[in-house]
1. Tell me which of these Gly266 doesn't satisfy, since it passes every other one: (1) modelled with pLDDT under 95; (2) closer than 18 Å to Leu195 by Cβ.
2. For the list (1) surrounded by 24 or more Cβ atoms within 10 Å (Cβ to Cβ); (2) over 30 Å from Gln211 (Cα atoms), I need the number of the one condition that Val166 fails.
3. Could you give every pair whose Cβ atoms fall below 6 Å, whose first residue belongs to region 284-310 and is outside the structural domain of Thr90 (by TED's automatic domain parsing) and of a type in the set (S, T, N, Q), and whose second residue is assigned to a helix (DSSP H, G or I) and surrounded by 15 or more Cβ atoms within 10 Å (Cβ to Cβ), counting only separations of at least 6 or pairs across chains?
4. Only one of (1) surrounded by fewer than 18 Cβ atoms within 10 Å (Cβ to Cβ); (2) over 30 Å from His38 (Cα atoms) fails for Gly266. Which number is that?
5. Examine region 119-130 for a residue that is buried (at least 21 other Cβ atoms within 10 Å of the Cβ) and assigned to a strand (DSSP E or B), and state whether such a residue exists.
6. What is the residue count in region 58-79 for residues that are within 24 Å of Lys7 (Cβ to Cβ) and either of a type outside the set (A, V, I, L, M) or surrounded by fewer than 18 Cβ atoms within 10 Å (Cβ to Cβ) (or both)?
7. Check region 239-261 and report whether any residue there is farther than 24 Å from Lys172 by Cβ, within 16 Å of the chain's Cα centre (by Cα) and without any contact (Cβ under 8 Å) to a residue 12 or more places away in the chain.
8. State yes or no: is Lys19 basic (Lys, Arg), touching a strand residue (DSSP E or B) at 6+ places or on another chain (Cβ under 9 Å) and touching a residue at least 12 places away in the same chain (Cβ under 8 Å)?
Amino acid sequence: MLVVKIKPMRALLSGYYGKGNGGDEALLATLLQMLPPHVMPVVLSGDPQQTRDRYGVEACSRMAVLPLLQALRSCDALIWGGGSLIQDATSAVSPFYYGGMMALAQKMGLKTVAWAQGIGPVKRPITRWLARQTFGGCTKVSVRDRASAAMLTDWQIPCILAPDPVWALEGKPVPGEWDLPAPRVAVTLRSHPQLTETRLANLTRALVDFQKATQTFIILLPFQQRQDLHIAQAIHRQMRDTSKILCLEEPQLLKGVFRGVEMAIGMRLHSLIMAASVGCRCFALSYDPKINRLMEDLDMPGWDLATLPDDPNVISKTWMEHYANGDPLSPETIQSLVSRALMHRDVLWEALC
């Protein structure tokens, strides 16, 4: 029998890694889980030592020019590793960082993969031009939402559309979670201009009332501690005996925590994906089109923060209704989403094998 030996190769992984964001770390963990075995990853990270320690991979600084260039020269491929990297809503610089690196890699002859991308918003003409050029030069492209796929189709760039890869991330049980009072509800809020002091106060009041009515125990999950922890602490002060802050940095533990809760209330995209993927009821608080896309795809209830009810009583009663009568995704739907999320793995194998 003929045995074909695949030559080892090195792939540079570029994303918003090592910045303490649980969603982006979950994307990295899933990407590493999906890479072909002959591919050695080199991760560009905001905290290379932490990335080395957590994942057991080679890592270098994402912002140091010389190490970045050396890493590119040492690699055979560059992978844009998931998420909304090409967008100009939060930063005009971000698309030039990622797009410039991709253009350079393509000039150097590396295989380039845009993996599990959520493109946009791209409002500036220069950003749209850059996105079109760099995506058009990729060996393979996969996206995680219909709007991104439609944009690439308009540009006549072939792509694979599949659910966010974090649907397929393997979770781990959280030590001590089952010792907490049950039933449990997880809450993930983040700092954002739309989460004003008034809206946070209304959400906190509603959460206190919801907890009293349902006798649930509230798990507060700061997905990015630098942005989220102070919000979790402010809520915890209002319900010291009926809530607990869990600071979990390992993505598999973040996903695992949702196996022990009945319902999730979340602003963070990947908190909602993790929760839905293990059969939790979910209620979304949207600050970004990517949350709205998830709500539409899954028929998930929620509010845009900009139109959040002013009355905490309305908020708490809506949560109570969903807690009592809302349905999680069916096991068949979850299995379908997980199976289709593995199409992102197929893209990697086709590009790199």
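The values are calculated or read from the model by the stated rules, or taken from the named source; none is laboratory data. Note that the structure is a prediction, hence the values are computed from the model and not measured. Using ideal geometry, Cβ is built from the backbone for each residue, glycine included, and neighbour counts are taken over all protein chains shown.
1. (1)
2. For Val166, the exception is condition (2).
3. Ser286/Asn292
4. Gly266 satisfies all of (1) surrounded by fewer than 18 Cβ atoms within 10 Å (Cβ to Cβ); (2) over 30 Å from His38 (Cα atoms) except (1).
5. Among the residues of region 119-130, not one is buried (at least 21 other Cβ atoms within 10 Å of the Cβ) and assigned to a strand (DSSP E or B), which makes the answer no.
6. Kept after step one, since they are within 24 Å of Lys7 (Cβ to Cβ), are these residues of region 58-79: 58-60, 69-79.
Keeping just the survivors that are either of a type outside the set (A, V, I, L, M) or surrounded by fewer than 18 Cβ atoms within 10 Å (Cβ to Cβ) (or both) gives 58, 60, 69-70, 73-76.
Counting residues in region 58-79 that are within 24 Å of Lys7 (Cβ to Cβ) and either of a type outside the set (A, V, I, L, M) or surrounded by fewer than 18 Cβ atoms within 10 Å (Cβ to Cβ) (or both) gives 8.
7. Just the residues of region 239-261 that are farther than 24 Å from Lys172 by Cβ, to begin with: 239-242.
Narrowing the set further to residues that are within 16 Å of the chain's Cα centre (by Cα) leaves none.
No, because not a single residue in region 239-261 is farther than 24 Å from Lys172 by Cβ, within 16 Å of the chain's Cα centre (by Cα) and without any contact (Cβ under 8 Å) to a residue 12 or more places away in the chain.
8. Numbers: basic (Lys, Arg): yes; touching a strand residue (DSSP E or B) at 6+ places or on another chain (Cβ under 9 Å): yes; touching a residue at least 12 places away in the same chain (Cβ under 8 Å): yes.
Considered against the rule, which asks whether it is basic (Lys, Arg), touching a strand residue (DSSP E or B) at 6+ places or on another chain (Cβ under 9 Å) and touching a residue at least 12 places away in the same chain (Cβ under 8 Å), Lys19 comes out as yes.
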